[in-house]
Every structure is written in C-alpha cells, then in structure tokens.
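**Student:** Just passing along the structure, written as structure tokens.
Read the figures in this text as sums done on the coordinates, not as results from a lab. All of these numbers come straight from a predicted model, not from anything done at the bench. Reconstructed Cβ throughout: ideal geometry from the backbone, glycine too, with neighbour counts over all protein chains shown.
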Amino acid sequence: MENLATIILAAGKGTRMKSKYPKVTFKLADKSFIERVVDTAKETGSDNIVVVVGYKKDAVIASIPSKENVSFVEQVEQNGTGHAVMVAEEILKDFKGNVMILSGDVPLLSSDTLKKMLAGHNKSNSACTVLTAVLDDAAHYGRIVRNSDDSVQKIVEFKDASKLEREIKEINTGIYCYKSEALFSSLKKITNNNKQNEYYLTDTLEILQKNNEKINAVILDNPIEAAGVNSPKQLSELESVFYANIKDKWLDNGVVIENPNSVIIGENVQIEKDVIIKANSTILGDSFIGEDSFIGHNSLINNSRLGKSSFLEGFNIVKNYSDEEKLSLKFTELKIHE
C-alpha cells in the first residue's frame, strides 16, 4: 500500500459566516469542522497531515485537540487553492506516495468515501483522482470536462466556463488524491492568468493531461458529504442532516423516538433495542442506554451509562453517571457525578 499524506486547506476567513471567528473553527454537533476533517484523514490511514492555516491561525490550531501526526504551515496571503498547496510543499518535499487534498470546511466527508477514492486512484494508476458529484443544479461549482474515453481532461471554474461547459452536471467537490511527484511538479507550472488572479489547483489537471498523465474521477455516492459550510444557515441545515442520519439509524434498530425532530442524539451514543425516548430529549457524549429503558420528556443525558430498564420520568439531568445498574429518577430529579 502506498504511503498517504493529507493536506487540509484551512486558511480562509469565511466572510459569509459574518463572524470574527475562522470558519473552520465553527462546530457541527459539538466538534469543529477542522477537527472532523483531521479525524477523517486519520481514519482513512493518513499518517502525515498538513493543515494550511492563515486567518487567526492560533484559533484554528487550538480547535484541533489531538495533534498527533499533524503539522501546520501558514499561508500568509490567500492567493488561491494552488498557492495554498504550494506552501505545504516544504513539509512534504521528501514524501513519496499519495497526497490527498481536503477542505477544512467540508465536515461531513466520510473516511469510507475517501477510501473508495483512494482505491480507485491506486487501481487506475492515475496521477490524480478527483472526487466529483452529479447535481441537477450545478450552480457555480467548477465543471468536470471529460475526454472521449471518459477520463478527465480538465476542471473549469464557473467564472471561466463557456456557456456549453456550464451545462455540465458533473462538478468538482474540491477533494483530490495525487501522486506526490505529479502534484508538486505540476504546481510549478501553474499561473494566475485568470479572472481572479489566483493560482488554481485545478490547473494542475490540464498540465498533467497534456503530459499524457492519467486523470481519474470517482463520483460521490451521497453529494451531501461534499457540502461546504458558507453561512450559519448552511451550518444549521447540515447539522440537521447529521443528527437525522443518527436518529434514522436507531429508529431502524428497535429504538422508539417520539417526535424525532425535537430529539438530539450524539454520534458516540450507544442505545440498545426497545428503548423509548420521549420528545425534547438530548443524549450526548459517550452515553449508553440499556435495553427496555424509558427516557422521559425534556431529559438531558451526557457522558453517562444507564443500565437495562432504567426509567427517567422526565425533566431529568444525568451527567457523568457511569453505573450500569438500573437507574430510576422521578420528575425533575438530577443525577450528576462531577
């Protein structure tokens, strides 16, 4: 298996968030965007992760609790995605293998998707593999232009695309996998001769194609995974999707949830079958709910383990409780272990 490194682009401010905080430090389900992307890179098998920081870099670095195998490099001036990857080259100059390029503001991308892209990249022996998506409304995304043999010819940014190219439904997600030599050699040849006067990473594909290097594309199964966050509204929409997927999993596994839209269940929670969860309840952290338990209305459970047939009448708070024996709480009773 090829060595794997990952470059995560996280230097931008994110002006549409209308906040003084860097966009990648915002949280989706209590975990920052950038932390989620770093964790996904680790789950994919990357043992060398470089995060490109810029705006309020200290805040971005601080929002990643586990920094094992993570390096940081500063992009002082944001001159495009190609330039961002250029500044990471110094750290990876001796690296040989595959290099994934991820975006720090795409928090729902899964390691399964990246592993699929990586497998396709290795099998096709491509210089670069692009993760793409097919959308009914491709909006202002970059378009994938393919050759007659279905390989990728180039990616055209929307602002530079012709009328015909804008009709293409397959779009660039901004997620890539390169052979390291192909990435850094092609970066040396790109220019900022475009309407934005920026160095586009996408220009490397046309350079590689002209050098008879193969460019592969893997189509994303679920386009929501590649959704970026550009505003608080988009964040709330993605978070709703995130929590809905978790609740759907438990609803399909014998858990009864009253008014699911009012209930929040964290990603690390474990629930056994025949548990009933009433409306407006929240279960977070590394919590466990045993079989045949009843969680009453407006209950909060955080980092706690409740044994089989536990009963919370409602309006209860259970925090840092680790006894897996049956727990019974009357209306408004608390169980807090600090």
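**Student:** What's log10 of I(q)/I(0) for the chain at q = 0.08, 0.10, 0.14 Å⁻¹, Debye sum over Cα points only, no solvent?
**Tutor:** -0.45, -0.67, -1.08
**Student:** Among Gly228, Gly12, Gly290, determine the one that fluctuates most according to a GNM of the chain built with springs between C-alpha atoms less than 10 Å apart.
**Tutor:** Comparing Gly228, Gly12, Gly290 in the GNM, the peak value goes to Gly290.
**Student:** How large is the helix-only mean residue ellipticity at 222 nm for the chain, computed as the sum of -39500 (n - 2.57) over DSSP H runs with n ≥ 4, divided by its residue count, in deg cm²/dmol to the nearest 500?
**Tutor:** Taking each H run of at least 4 residues, the total per residue is -7000 deg cm²/dmol.
**Student:** Over the Cα atoms, compute the radius of gyration (one decimal) and Dmax (the largest Cα-Cα distance, rounded to a whole number) for segment 88-159, in Å.
**Tutor:** Final numbers for Rg and Dmax: 14.3, 42 Å.
**Student:** Taking all pairs of distinct Cα atoms, average 1/r, flip it, and tell me the Kirkwood hydrodynamic radius of segment 192-286 in Å to one decimal place.
**Tutor:** 17.3
**Student:** Normalised by the residues of the chain, what does the relative contact order come to in percent, with Cα pairs under 8 Å and at least six apart? Kindly include the intermediate steps, with their values, before the conclusion.
**Tutor:** Working: 758 pairs, mean separation 43.4, N = 338.
In percent, rounded to a whole number, it is 13.
**Student:** Relative contact order of segment 188-273: what whole-number percent is it, with Cα pairs under 8 angstrom and at least 6 residues apart?
**Tutor:** The value is 16 percent.
**Student:** Using a Gaussian network model on the chain with a 10 Å cutoff between Cα atoms, which of Ser110, Ser310, Ser63 fluctuates the most?
**Tutor:** Maximum among the listed residues: Ser310.
**Student:** With the convex hull built on the Cα atoms of segment 253-336, state its orientation-averaged projected area in nm². Show your work: numbers first, answer last.
**Tutor:** Numbers: hull surface 17.0 nm².
So the mean shadow area of the Cα hull is 4.3 nm².
**Student:** Quick one: angle between helix 81-92 and the longest Cα principal axis of the chain, in degrees between 0 and 90, rounded to 10, please.
**Tutor:** It is inclined by approximately 80 degrees.
**Student:** Above 15 angstrom, tally the Cα pairs of segment 65-110 and express them as a % of all pairs, no decimals.
**Tutor:** So the portion of pairs separated by more than 15 Å is 57 percent.
**Student:** Could you list Ser46, Ser299 in order of exposure, starting from the residue whose Cβ has the fewest other Cβ atoms within 10 Å?
**Tutor:** Ser299, Ser46
**Student:** Quick one: work out the % antiparallel among DSSP beta bridges in the chain, nearest 5.
**Tutor:** About 30 percent, rounded to the nearest 5.
**Student:** Along its three principal axes, how long is segment 9-109 when you only count alpha carbons? Whole Å, largest extent first please.
**Tutor:** Principal axes ranked by extent give 40, 29, 21 Å for the Cα atoms.
**Student:** Still on this model: Can you list the GluC sites (Glu not before Pro) in segment 50-115 that are in a DSSP coil and have 11 or fewer other beta carbons within 10 angstrom?
**Tutor:** On the way: sites: Glu68, Glu74, Glu77, Glu89, Glu90; in loops: Glu68, Glu77.
In loop regions of segment 50-115 (DSSP not H, G, I, E or B), the sparsely surrounded GluC sites (Glu not before Pro) are Glu68, Glu77.
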